[in-house]
Amino acid sequence: MSSKAQRAHFVCQSCGTIAPRWAGKCAACGQWNTLCEEAVAAPLPGSGVAYGKKGRLVALEPLAGGAEPIARVATGIGELDRVTGGGIVPGSALLIAGEPGIGKSTLLLQLAARFASAGRRTIYFSGEEATAQVRLRAERLGLAGAPLALAAETNLGNILATLGAGARPELIVIDSVQTLWADALEAAPGTVSQVRAATQSLVRAAKGQGFALVLIGHVTKEGQIAGPKVIEHMVDTVLSFEGDRGHPFRILRTSKNRFGATDEIGVFEMAAAGLREVANPSELFLGDRLASTPGSAVFAGLEGTRPILVEIQALVVASGLGTPRRAVVGWDANRLAMLLAVIDARCGIGFGNHDVYLNVAGGLKITEPAADLAAAAALISSIANVTLPADRVYVGEISLSGAVRPAAHMLARLKEAQKLGFNRALLPAAGELEVPALKLDVMRLSHIGGLAAALGLRPTT
C-alpha cells in the first residue's frame, strides 16, 4: 500500500464525517455522493499537544465579580444593529449565509463602506469576484468614494500575512469562506478540511488582533449553511439572509448570537441603490393587500421585540386529483396538515376533496404557533367563499383539541394593529390583557368552533 493511500481518507462534504474508504452514501447523514478524498495533513499549530510536552498551569478565577460591559461599534445600518444586538463587537466573528443573489455581498459592501467612511480601517477580501467587479458594484451603490481597502485573494496564507502587516484593521470582510484554501492541506477549496482550517485561522487572528471578522457563507439546496457544522460553533454570531427573488423584501435573521438575542430580525428592501432599511415592515407587508377577496387574514406576529403584521393568504379549490394537493409558502407544511385535520374534526368543515394553497405575503417566513388562528380564518374564509372584515387581526395557537391557546406579548401586537388602523382583534380567551389601554374591540375565543360561528359558517359535507 502506498504512503499516499495510508495518508488519505474520505470526508463527507455535508456533515464532515470521516470514512476510511469511499462509499456512495454517507453512513452518518445519509446523503449520496458527498464523500471526497482528502489527504491527511499535519495538525495546525495550536490544534493539539505534542507527545511528551508538559503543559503550563492555567490561572483560575472565581465566577463572582463585575463583568465588563461589551464594547460595540455601531454599523450605521439600523436593521443590522438590531439583529446583532446593538452593533458589531471588536474581536468577534460573524457568519452571514444566504442563497446566491439574495444580496449578501451588497449588504456587506455597504457595511464595509460605512466603517471605512467613519475613519476605521476596513479590508474587503473578495474570493469570487475581481476587484473591477466590486468597484462596479460600489459605483452603482454610490460607495465609490469610501476609503475601503480591497483585494481579490483566496490564499489563506497571503490573507493572514496582509492582516499582520501595517496598521491594525477594525473590520475584515471575507467573500466567501468557501473560496479560501490553505497550502498545508491537499484538498480543493470549499471542502470540509479547507473551510474548517480557514475559519479557525481567521477567527484566531480576529481574537488575537482585536478586529471584527465578517464571513460570507454559501448555503446548500436545502437552505442550510454549507460546510461542517463546526463552523457555526467557531463564530460568535450566525445570520441568515432570507427572501424571495420575486419580492423586494429581504429578512436578516439571527440563529446564534453570543452578544445578544437570537430572535430579532432586520427587514430590508432591495432597490436600485442597494439595500434600504425598512423602519415599519408592517406597512410594507400590508401595502398591496386586497382585503375584498376571500381567504385573506391578517396575523399580528412578533419577531423578537418587534411586532409585525403580515397577511396570510389561503386558496381552497375543488380537486380533480385522487390525492388533493397541499402547497404552502412561508409556513410549516406539517403545521398546515395538522390545522386542516383540526378544522375537519372540531368544526365539521372538510378539506378532503379540495386542493389547499397557503401563502405568507411578502416572502416572510413565520415560525410562530400563534399564526394558527389567522391561518384557520383564511382557510375557512376561502372554502366558504366569504370575505373576512378588513379591519380584523387574528392571534392564537390552536391545539389538537381545538382549544385556542394564548400567545406572548399580546399587548405589543395589538398596539401595532391599532396603530395601523385595525379596529377588532380575535384573541384567545385565556391570558391577561390590558383592555383599557387599547381602543380595539376584542373578541375572545376559547375554541376554534367559535371562529367558524363568528364568521357565520356552517359545516360542509
Handout entry: Those residues of the range 294-345 which are buried (at least 18 other Cβ atoms within 10 Å of the Cβ), part of a helix (DSSP H, G or I) and not basic (Lys, Arg), in sequence order
Key = LEU336, LEU339, LEU340, VAL342, ILE343
Problem - Residues (surrounded by fewer than 20 Cβ atoms within 10 Å (Cβ to Cβ), on the phi < 0 side of the Ramachandran plot and out of contact with any helix residue (DSSP H, G or I) (no Cβ under 8 Å at 6 or more places or on another chain)) located in the range 113-140 - result: SER117, ALA118, ARG120, ARG121, ALA130, THR131, ALA132, GLN133, ARG135, LEU136, GLU139, ARG140
Handout entry: Listing of strands (runs of 3 or more DSSP E) fully contained in the range 355-461 that carry 1 or more residues being in contact (Cβ under 8 Å) with a residue 40 or more places away in the chain, touching an Asp or Glu at 6+ places or on another chain (Cβ under 8 Å) and over 19 Å from VAL316 (Cα atoms)
Key = 424-428
Exercise for the section: Could you check ALA261 against (1) aliphatic (A, V, I, L, M); (2) part of a loop (DSSP other than H, G, I, E, B); (3) not assigned by TED's automatic domain parsing to the domain that holds ALA97 and say which number it fails? Expected result: (3)
Practice task
Kindly provide the set of residues from the range 205-254 that are buried (at least 24 other Cβ atoms within 10 Å of the Cβ) and at positive phi, ordered by number.
Solution key: GLY227, GLY243
Handout entry: Residues satisfying the stated conditions in the range 140-195, i.e. part of a helix (DSSP H, G or I) and within 30 Å of THR34 (Cβ to Cβ)
Key = LEU156, GLY157, ASN158, ILE159, LEU160, VAL177, GLN178, THR179, VAL192, SER193, GLN194, VAL195
Exercise for the section: Considering each of ALA97, ALA152 in turn, give the residue that is surrounded by fewer than 21 Cβ atoms within 10 Å (Cβ to Cβ) and under 27 Å from GLU232 (Cα atoms). Expected result: ALA152
Practice task
Collect the residues in the range 314-339 that are in contact with a helix residue (DSSP H, G or I) (Cβ under 6 Å, 6 or more places away or on another chain) and either in the same structural domain as ILE265 (by TED's automatic domain parsing) or within 24 Å of GLU269 (Cα to Cα) (or both), keeping them in residue-number order.
Solution key: VAL328
Practice task
Considering only the range 264-293, state which residues are assigned to a strand (DSSP E or B), touching a strand residue (DSSP E or B) at 6+ places or on another chain (Cβ under 7 Å) and either among the acidic types (Asp, Glu) or surrounded by fewer than 22 Cβ atoms within 10 Å (Cβ to Cβ) (or both).
Solution key: ILE265, GLU269, MET270, ARG276, GLU277
Problem - the range 132-177, subset of a type in the set (Asp, Glu) and touching a residue at least 24 places away in the same chain (Cβ under 8 Å), residue farthest from ALA212 (Cα to Cα) - result: GLU153
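The values are calculated or read from the model by the stated rules, or taken from the named source; none is laboratory data. Because the structure is predicted, anything quoted here is derived from the model rather than measured. Here Cβ is always computed from backbone atoms with ideal geometry, including for glycine, and neighbour counts include all displayed protein chains.
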